[in-house]
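S.K.: Got a structure for you, written out below as structure tokens; questions coming shortly.
The values are calculated or read from the model by the stated rules, or taken from the named source; none is laboratory data. Just so it is clear, the model here is predicted, and its values are computed rather than measured. Neighbour counts run over all protein chains shown; Cβ positions are idealised from the backbone, glycine included.
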Amino acid sequence: MTVDDATRLRELHDAHATAVWRYVVHLTGDHAGADDVVQETLLRAWRSPRILQQTESVRSWMLTVARNLVIDQARSARHRHELVVDEPPELAEPDRTDRVFESLLVAEALATLSVEHRSVLVHAYYGGRGIAEVARELDIPPGTVKSRLHYGLRALRLALQERGVTR
């Protein structure tokens, strides 16, 4: 930078820095950040020899540069508080509230059944056992298991309907 450039840059600062600073504060509300934007604007003017040589329209050029710098800062990841991490975050688990609520409804409805119906339903559906296995475990005939399953499911359906379950 020549002596003339340094003088011209000082003149630019004296003539326009306050106006650019006020403009940036108006845009952002950030006094400390405005100082940085003014400094960067003057640095860009220093890097553009044609700006140092102009006398007209310099302020509009500087205000445009300052505005673009403010926009760039607002779009930057640092401004949005985005952080770069080494590992991606854990996958979000689906909301299980409905499942918990449904299981509570079923448990309440099962509690209203007779012990015989409830035990057959629990062994068959929650235990995943077939009719013959349930009959062996409960020491009852397979026909009785089928009958209790049929009537137990009907009673369970009614108990769930009483609790507002419509499916």
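S.K.: Restricting attention to the range 73-82, which residues are over 18 Å from the mean Cα position of the chain (by Cα) and either modelled with pLDDT of 85 or more or surrounded by fewer than 10 Cβ atoms within 10 Å (Cβ to Cβ) (or both)?
M.R.: Residue satisfying the conditions is ARG75 alone.
S.K.: If you don't mind, there's one more thing I want to ask. Would you say ALA92 is at pLDDT below 95, exposed (fewer than 15 other Cβ atoms within 10 Å of the Cβ) and hydrophobic (A, V, I, L, M, F, W, C)?
M.R.: Judged against the criteria, ALA92 is a match.
S.K.: What pairs come up if the first residue lies in the range 141-160 and is assigned by TED's automatic domain parsing to the domain that holds TYR125 and without any contact (Cβ under 8 Å) to a residue 12 or more places away in the chain, the second is surrounded by 14 or more Cβ atoms within 10 Å (Cβ to Cβ) and assigned to a helix (DSSP H, G or I), and their beta carbons are under 8 Å apart, counting only those six or more places apart or on different chains?
M.R.: Within 8 Å, the pairs are PRO141/ALA135; PRO142/ILE131; PRO142/ALA135; THR144/ALA135.
S.K.: Test each condition in (1) in a helix (DSSP H, G or I); (2) farther than 30 Å from GLY164 by Cα; (3) modelled with pLDDT under 90 for ARG99 and report the one that comes out false.
M.R.: Among (1) in a helix (DSSP H, G or I); (2) farther than 30 Å from GLY164 by Cα; (3) modelled with pLDDT under 90, the lone unmet condition for ARG99 is (2).
Here is a yes/no grid of residues against (1) at pLDDT below 80; (2) in a helix (DSSP H, G or I); (3) assigned by TED's automatic domain parsing to the domain that holds ARG44:
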residue	(1), (2), (3)
VAL70	no, yes, yes
VAL84	yes, no, no
LEU104	no, yes, no
HIS117	no, yes, no
GLU133	no, yes, no
